[in-house]
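One structure is given here, and the rest of the page talks about it.
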Amino acid sequence: MRGFESREWQTAQAARGFATRSFYGTKGGAEHFIAVAMPSEMDFGQQIDAVRERYEAARRSLELAPETAVFRRIFLSDVLNQATAVRNSALARDPGDGDAAVSIVQQPPLAGAKLALLAYHIDGGSPLLRRRLSPRHLIIEKNGRRHLWSTRLCADDHETSGSSAAQTRSVFGDLVKTLENQGANLRDHCIRTWIYLKDVDVFYQGMVDSRREMFVRQGLTRDTHFIASTGIEGACAHRFDLVAMDAYSILDLVPEQVSYLNDFNRLCPTADYNVTFERGTRVGYADRAHHFISGTASIDDAGNVLYPGDVLRQLDRALGNVDALLHSGAATLADMMYLLVYLRDPTDYAHVDAHLREHFPGLPALIVQGAVCRPDWLVEIEGVAVTPNDEPALPPF
């Protein structure tokens with residue numbers, strides 16, 4: 001049985017500075033997504049405390065123990081000056097959560113504050129077992145299945161003339177080595193990546209070319225498949241790093257669980273314009289399915305940018321594209337657990353925020369500044385949908 005909170009309850013949560021969405025499965029326990037945003041009238045230390053308080057209030061509203069935490073992403077306005085304080089705070093080091101994967105990225109929250117939070121929790125079902133492989137890689141085991149969360153992957157480059165291509169090789173090399181050490185590989189087990197580029201207009205192509213070369217060596221080609229991904233402007237806490245990455249892999253994944261989301265009447269294959277990622281990936285379990293939607297923009301079936309200069313029409317087209325991708329996996333926008341919206345121009349925030357509030361009241365949504373890989377794309381969206389599934393032969397979640 002699946003359950004979602006009422007609109008009235010969601011609206012009340014938003015008034016308290018957080019929004020949540022939950023999926024309640026018949027076998028594998030519940031999954032909870034929490035978004036926390038802040039007003040701007042506080043200094044940074046006060047904002048950290050306030051986000052923490054709102055996060056705790058959200059957990060209380062869902063009756064979640066701290067140890068149900070799996071993943072948190074913290075969005076910062078100035079990572080070089082703010083990362084140390086965040087790393088030393090309870091947002092990153094909650095002594096009660098038993099170790100969670102924490103991503104820290106510079107993508108300024110456009111509500112006006114210096115930070116925002118997106119969190120993922122799993123409650124009920126079998127207990128979560130955790131094993132920290134390194135500061136960047138955490139295995140969370142549930143029902144005998146190992147889920148690898150990799151966060152803050154970067155080259156930690158100290159060269160002022162660094163190359164985005166070389167750093168991409170380094171970042172993916174770290175992930176590949178970690179997967180291989182666990183008896184897995186990039187092609188068969190990595191489900192989702194988030195790639196952050198400093199000055200995406202300049203350094204995106206170097207990442208794309210390097211990733212394509214890496215994928216060929218790993219058996220990821222147009223004739224096999226790619227990985228759901230977002231490649232967007234963002235930065236890690238190392239001054240000269242041009243590329244950083246988060247990733248999610250399932251080490252015990254079986255092929256029968258995986259399918260890919262496409263609608264070629266609305267979106268062309270990404271390989272048609274020489275990039276290598278899946279539009280979306282569906283992972284099925286006995287009682288539910290996860291739909292990982294890649295960064296999606298206002299694009300047509302020939303790879304062209306639609307509605308240049310009009311952010312709201314681009315937003316509607318991007319949402320329509322997401323809905324089409326979800327339909328290919330028997331889901332809809334109503335099944336989305338959160339939306340993450342990237343804007344090139346922060347002055348578009350008020351219009352986009354009002355549009356989302358009208359059409360998706362109560363849905364956890366964060367709007368951050370992040371330029372998309374083509375300057376004409378003013379907005380990009382991503383997220384995760386969860387739907388009921390009735391395939392007892394598949395593994396439990």
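When the test is whether a residue is part of a helix (DSSP H, G or I) and either farther than 27 Å from residue 352 by Cα or in the same structural domain as residue 136 (by TED's automatic domain parsing) (or both), residue 80 passes it.
Candidates in region 373-388 are the residues that are under 22 Å from the mean Cα position of the chain (by Cα) and in a loop (DSSP other than H, G, I, E, B); of these, the one that is farthest from residue 259 (Cα to Cα) is 375. Residue 159 satisfies every condition listed in (1) touching an Asp or Glu at 6+ places or on another chain (Cβ under 9 Å); (2) at pLDDT below 95 except (1).
Take the conditions buried (at least 20 other Cβ atoms within 10 Å of the Cβ) and either farther than 22 Å from residue 194 by Cα or under 21 Å from the mean Cα position of the chain (by Cα) (or both) and apply them to residue 62. Does it pass? Quick ask: steps written out before the conclusion?
Numbers: buried (at least 20 other Cβ atoms within 10 Å of the Cβ): no; either farther than 22 Å from residue 194 by Cα or under 21 Å from the mean Cα position of the chain (by Cα) (or both): yes.
So residue 62 fails the test.
Which of the residues belonging to region 349-368 are touching a strand residue (DSSP E or B) at 6+ places or on another chain (Cβ under 8 Å) and surrounded by fewer than 20 Cβ atoms within 10 Å (Cβ to Cβ)? Passing the criteria: 349, 353, 356, 360. The set of residues in region 126-162 that are surrounded by fewer than 18 Cβ atoms within 10 Å (Cβ to Cβ), closer than 21 Å to residue 210 by Cβ, of a type in the set (S, T, N, Q) and in contact (Cβ under 8 Å) with a residue 60 or more places away in the chain contains only 160. Scanning region 288-309 for residues that are in a strand (DSSP E or B) and not charged (D, E, K, R) returns 289, 290, 291, 292, 293, 294, 295, 296, 299, 305. What do you reckon, is residue 52 modelled with pLDDT of 95 or more, basic (Lys, Arg) and under 27 Å from residue 80 (Cβ atoms)? So residue 52 fits the description; yes.
Sort through 363, 312, 326, 267 and tell me the only one that's touching a residue at least 40 places away in the same chain (Cβ under 8 Å), assigned to a loop (DSSP other than H, G, I, E, B) and under 24 Å from residue 35 (Cβ atoms).
Details: 312 fails: assigned to a loop (DSSP other than H, G, I, E, B); 326 fails: assigned to a loop (DSSP other than H, G, I, E, B); 267 fails: under 24 Å from residue 35 (Cβ atoms).
363 is the lone residue from the list that is touching a residue at least 40 places away in the same chain (Cβ under 8 Å), assigned to a loop (DSSP other than H, G, I, E, B) and under 24 Å from residue 35 (Cβ atoms).
How many residues, within region 153-171, are over 26 Å from residue 130 (Cβ atoms) and either part of a helix (DSSP H, G or I) or in contact with a strand residue (DSSP E or B) (Cβ under 8 Å, 6 or more places away or on another chain) (or both)? If you could, list the steps in order and put the result at the bottom.
Initial filter on region 153-171 (over 26 Å from residue 130 (Cβ atoms)): 155, 157-170.
Of the ones still in play, those that are also either part of a helix (DSSP H, G or I) or in contact with a strand residue (DSSP E or B) (Cβ under 8 Å, 6 or more places away or on another chain) (or both) are 155, 164-170.
Residues that pass the stated criteria total 8.
The rows are residues; the columns are (1) under 30 Å from residue 17 (Cα atoms); (2) in a strand (DSSP E or B); (3) at pLDDT below 95; (4) in contact with a Lys or Arg (Cβ under 7 Å, 6 or more places away or on another chain).
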site	(1), (2), (3), (4)
98	yes, no, yes, yes
111	yes, no, yes, no
133	no, yes, no, no
151	yes, yes, no, yes
173	no, no, no, no
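Restricting attention to region 324-348, and to residues there that are acidic (Asp, Glu) and crowded, with 17+ Cβ neighbours inside 10 Å, which single residue is nearest to residue 267 (Cα to Cα)?
Just the residues of region 324-348 that are acidic (Asp, Glu), to begin with: 335, 345, 348.
When the remaining residues are screened for being crowded, with 17+ Cβ neighbours inside 10 Å, the result is 335, 348.
Working: 335: 21, 348: 25 Å.
That would be 335.
All conditions in (1) more than 28 Å from residue 235 (Cα to Cα); (2) assigned to a helix (DSSP H, G or I) hold for residue 64, with the sole exception of (2).
Determine if region 237-260 includes at least one residue that is over 27 Å from residue 173 (Cβ atoms), in contact with a strand residue (DSSP E or B) (Cβ under 9 Å, 6 or more places away or on another chain) and part of a loop (DSSP other than H, G, I, E, B). Talk me through it step by step, then tell me what you get.
Taking region 237-260 first, the residues over 27 Å from residue 173 (Cβ atoms) are 256, 259.
Next, only the ones that are in contact with a strand residue (DSSP E or B) (Cβ under 9 Å, 6 or more places away or on another chain) stay: 256, 259.
So of that shortlist, the ones also part of a loop (DSSP other than H, G, I, E, B) come out as none.
There is no residue in region 237-260 that is over 27 Å from residue 173 (Cβ atoms), in contact with a strand residue (DSSP E or B) (Cβ under 9 Å, 6 or more places away or on another chain) and part of a loop (DSSP other than H, G, I, E, B).
The values are calculated or read from the model by the stated rules, or taken from the named source; none is laboratory data. Every value quoted in this text rests on a predicted model; they were computed, and no experiment measured them. As a convention, Cβ positions derive from the backbone with ideal geometry for all residues, glycine included, and neighbour counts pool all protein chains shown.
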